[in-house]
Amino acid sequence: MADRSKDPVVVIGLGRFGTALALELTRRGNEVLAIDHRAKVTQHLAGQITQIATADATDMEALQQLGVPDFTRAVVGIGGDLEASILTASLLVELEIDSIWAKAISRQHGRILDRLGVHHVVFPEHDMGERVAHLVSGRMLDYMQVDDDFALVKTRPPKDYVGIPLGRSNLRRKYGVTIVAVKTRDEGFTYADSETVLTYDDTILVSGRAEQVERFSEL
Ligand code: ADP
């Protein structure tokens with residue numbers, strides 16, 4: 001299959017989410033067409049993104065004139081204006097864009113986008129809130145929910161697991177978690193194996209079911 005990771009992307013709605021997304025895609029080498037109906041916003045970003053246009057994304061003619069039907073990937077970053085978000089998403093579905101992403105600001109909003117045929121609905125504020133809750137309430141340095149019930153956590157080794165090879169730690173049997181990688185004070189992350197011996201200064205990446213990873217990182 002062809003590598004489509006560098007396909008051009010159209011990003012509609014340049015609020016905080018859409019702007020960060022468009023700039024990061026540009027930094028990663030993707031061509032980006034960014035659209036917003038506020039001239040002030042597009043002027044501010046001019047020169048930083050491959051192509052930027054001031055247009056109303058709920059207008060099919062405007063989308064066609066900008067060449068949006070030729071894109072295989074599109075992101076709708078409009079959140080606050082529900083009507084604009086839904087109309088824009090439905091036009092992208094009508095244009096049969098292969099991969100449509102849209103931001104939702106509530107469960108109901110997400111459900112509507114999903115029913116319209118948006119392929120990937122994301123909840124940036126909700127997800128970030130949940131993630132920060134894990135960081136605020138525990139010792140974790142970072143937390144990522146990979147699937148409904150599976151998480152990857154960056155944390156420090158619990159003291160009982162310092163100084164012994166991981167192969168002798170019984171971690172999987174006792175806690176159901178796996179230490180995937182270790183970062184020592186002087187080096188970047190390397191994969192952990194049964195002979196890896198952790199020190200207090202290490203940072204570890206732990207994977208497993210969300211509640212098990214949480215339990216382990218509270219030791
Ligand atoms: P955030 O919370 O990420 O800042 P917002 O929902 O506040 O997101 O911002 C959405 C952006 O989408 C705004 O810059 C707004 O001008 C733009 N926008 C809203 N409606 C349209 C539309 N019909 N066409 C193009 N851009 C739009």
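Each reported figure results from applying straightforward, stated rules to the coordinates on display, with no laboratory input. This structure is a prediction, so every number in the text was calculated from the model and none was measured. Positions of Cβ are generated from backbone atoms using ideal geometry, with glycine treated the same way; all protein chains shown enter the neighbour counts.
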Practice task
Please determine, in degrees from 0 to 90 and to the nearest 10, the orientation of helix 16-27 with respect to the longest principal axis defined by the Cα atoms of the chain, where the helix direction is its Cα long axis.
Solution key: 80
Problem - 0 to 90° range, to nearest 10: angle between helix 82-94 axis and the chain longest Cα axis - result: 80
Problem - Cross-link reach list, lysines versus Lys6, counting only Cα pairs under 26 Å and skipping chain neighbours closer than eight places - result: Lys103
Exercise for the section: With only Lys, Arg, Asp and Glu charged, each at its Cβ (+1 for the first two, -1 for the last two), find how big the charge dipole of the chain is about the Cα centre; round to the nearest 20 debye. Expected result: 840
Problem - Hits among lysines - C-alpha to C-alpha of Lys174 under 18 Å, sequence gap 8 or more where chains match - result: Lys159
Exercise for the section: Would you kindly compute the Cα radius of gyration of segment 127-217 and its largest Cα-Cα separation (Dmax), both in Å? Expected result: 12.6, 37
Practice task
Enter the angle in degrees (range 0 to 90, nearest 10) between the Cα long axis of helix 124-137 and the first principal axis of the Cα atoms of the chain, meaning the one along which they spread out most.
Solution key: 20
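Please give the per residue volume of the convex hull enclosing the alpha carbon atoms of segment 35-170, rounded to a whole number of Å³.
Numbers: hull volume 25.1 nm³, N = 136.
Each residue corresponds to 184 Å³ of Cα convex hull volume.
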